[in-house]
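The numbers here are math on the coordinates, done by the rules we state, and not lab data. Since this is a predicted model, take the numbers as computed values, not measurements. Cβ: placed from backbone, ideal geometry, glycine included. Neighbour counts: every protein chain shown.
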Amino acid sequence: MNQPRIGLLPLYVALYDRVLPGLREKVVPLVAQVQEQFQARGVAVTASPVCCVHAEIAAALAQFDKENVDLVVTVHLAYSPSLESADLLAASALPLLLLDITPAAAFPRDAAPELLLYNHGIHGVQDLATMLRRRGKSYDVIAGHLSDAAIMERAVALARAACAARRLKQTRALCIGGAFEGMGDFRIEAAVLRRTLGITAETIAPAALGPSAEKVSEAEIEAERQLDLQRYRAEISAEVHRRSLRLGLGLRHYLAQHNYNAFSLNFDAFRESEGPVNTVPFLECCKAMARGTGFAGEGDVLTAALVAALAAGYGLTSFAEMFCPDWAGGSVFISHMGEFNPELAAAQPLLYEKEYGLSPARNPAALGLAPRPGPATLVNLAPGPDDTFRLIVAPVDVLEDATHPEFQKWVRGWFRPRLPLGPFLERFSQLGGTHHSALVLGEHAESLLQFARLIGAEGCRM
């Protein structure tokens, strides 16, 4: 997972440096406390020096842009006049959080008067918030004391949402083989994806991977094969394994060469039995997701971009597809032909030769695995009318693995939604959910609704 990165902007007033020269050193430790709290929760921090005036704030924002932060977080160490910062913050494309905190947890009726000098930043927050709203700048406010763990958890959730939104808007997605014939729910014109979500999508035929696959050396194939024998329980011949690795490594190099961070492939377009593109690279699809590259099946670059974004912001994420309802058990069976993120696996995945009779392509290497049980979040990015999008967010519980021995050579899993199964499926389709989704381990519903807002989509929690 790429760490979300915030730009921490401490604000202060120049007046106090003239009339209260010893005050700054007493309030500055709050900045380090905030930084430590973010870092302890897996968020990287670029902290600017304490800023009082327009020029200092401009320099800080320039540094944030240079370091590609996902979210600007302000901390008012005292009152800070809004006109020093409002125009600059309003002009910034970066999302903004006003962290409304103070050093002291209490200001009771018996407080010593000097305590107010260290704890009056809230009216600076109010001044700035008013001016940002007047300028049409969107912002979030989280208020409380750092002793309340929920304060930082909410701030981190917003940082993850901002990281995912930034990644989505920077996605370069590759479609290999076009979309599956007749499958329409995820199809969006490339120009619309670019204009509405910032996703750049390009399409190639499977044969275009040939030159990259041909350049893969025997030594590279063998090195990757040895890694696989350590990562997976291998029940596969070296021949089948090696031909899948040649194409898979060729695909990996092609993605890197052209700076794609998401891709989708249409298995039906892989129809050659000879040459370097003589199988379907299911194994590499799995490995790509493990590295944080987005993937979805059948030419669905929209969901592939979503998987890449969620992996960046939230970590363990996989492409997933609902297949069968278990009405009696109140759960849904998820599966696909051979694509799932092995980092989510409940046990060591099985590497095997998959029987493939859908085209003349040769049998591929594939993984059999199931996600580990526990809370998770199902996420679906659904196209709507007039080039709009809806993000459907469903907290679920992943169940234990299959018990039937023949399921070992499948991508398989069951989840139980928090709603009864019938109403869940009704609601999902009434909201227009597509048949391709992302599964993220952990409880992230509230943060994902913030992600929806940041990408300009309607957020719907189930």
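Restricting attention to the chain, close to 45% of DSSP beta bridges with both partner residues there are antiparallel. Computed about its Cα centre, the charge dipole of the stretch 5-169 is approximately 540 debye, with only Lys, Arg, Asp and Glu carrying charge at their Cβ.
Treating the angle as unsigned and between 0 and 90°, give the value, to the nearest 10°, between the Cα long axis of helix 54-66 and the longest Cα principal axis of the chain. So the helix axis and the longest Cα principal axis differ by about 10 degrees. Straight-line reach from Lys26: which aspartates and glutamates have a Cα under 16 Å away, not including same-chain ones fewer than 8 places off? Counting by Cα, and skipping residues close in sequence, Lys26 has these aspartates and glutamates nearby: Asp17, Glu114. Between the helical axis of 445-454 and the longest alpha-carbon principal axis of the chain there is an angle of about 80 degrees.
Let me spell out the model: positive unit charges on the Cβ of Lys and Arg, negative unit charges on the Cβ of Asp and Glu, origin at the Cα centre of the chain. What dipole size does that give, in debye rounded to 20?
Values: 42 positive and 50 negative charges, 124 e Å.
The dipole of the chain has a size of about 600 debye.
As a rough guide to protection, the peptides 157-164, 84-91, 353-360 ranked by mean Cβ packing within 10 Å, highest first, stand as 157-164, 84-91, 353-360. With the charge dipole of the chain set up from +1 on Lys and Arg Cβ and -1 on Asp and Glu Cβ about the Cα centre, the Cα lying farthest toward the positive end among the listed residues Gly313, Cys324, Pro375 is that of Gly313. Other residues lying with their Cβ under 13 Å from the Cβ of Gly184 contribute a combined charge of -4, Lys and Arg counting +1, Asp and Glu -1. Scaling the Cα radius of gyration of the chain by the globular reference 2.2 N^0.38 Å produces a ratio of 1.11. Applying the criteria of a DSSP loop state and at most 16 other Cβ atoms within 10 Å to the chymotrypsin sites (Phe, Trp or Tyr not before Pro) of the stretch 299-345 yields Trp327. Its relative contact order, with pairs defined as Cα atoms under 8 Å and 6+ residues apart, puts the chain at 14 percent. With both residues required to sit in the stretch 8-110, DSSP beta bridges show an antiparallel share near 0%.
Within the set of other residues whose C-beta is less than 10 Å from the C-beta of Ala165, count the net charge using Lys and Arg as +1 and Asp and Glu as -1. Kindly include the intermediate steps, with their values, before the conclusion.
Values: positive: Arg160, Arg166, Arg167, Lys169, Arg453; negative: Asp70.
Computed value for this residue: +4.
The sum of -39500 (n - 2.57) across all DSSP H runs of n ≥ 4, divided by the residue count of the chain, sets its helix-only mean residue ellipticity at 222 nm to -11000 deg cm²/dmol. Rounded is the label for the stretch 293-361. Its Cα gyration tensor axes, ordered a ≥ b ≥ c, give a/c under 1.5. With everything on Cα atoms, drop me the angle between helix 218-231 and the longest principal axis of the chain, reported from 0 to 90° to the nearest 10. The helix 218-231 is inclined about 70 degrees to the chain. Within a straight-line Cα-Cα reach of under 15 Å, Lys409 can be paired with the following aspartates and glutamates, leaving aside sequence neighbours fewer than 8 residues apart in one chain: Glu235, Glu339, Glu353, Glu355, Asp401.
Taking a straight line from the alpha carbon of Lys66, these lysines sit under 21 Å away, with near neighbours fewer than eight places off in the same chain left out: Lys169. Within the shell of other residues whose beta carbon sits under 13 angstrom from the beta carbon of Ala91, the net charge comes to 0, with Lys and Arg scored +1 and Asp and Glu -1. Restricting the GluC sites (Glu not before Pro) of the stretch 259-293 to loop positions (DSSP other than H, G, I, E, B) with no more than 15 neighbouring Cβ atoms within 10 Å leaves Glu274.
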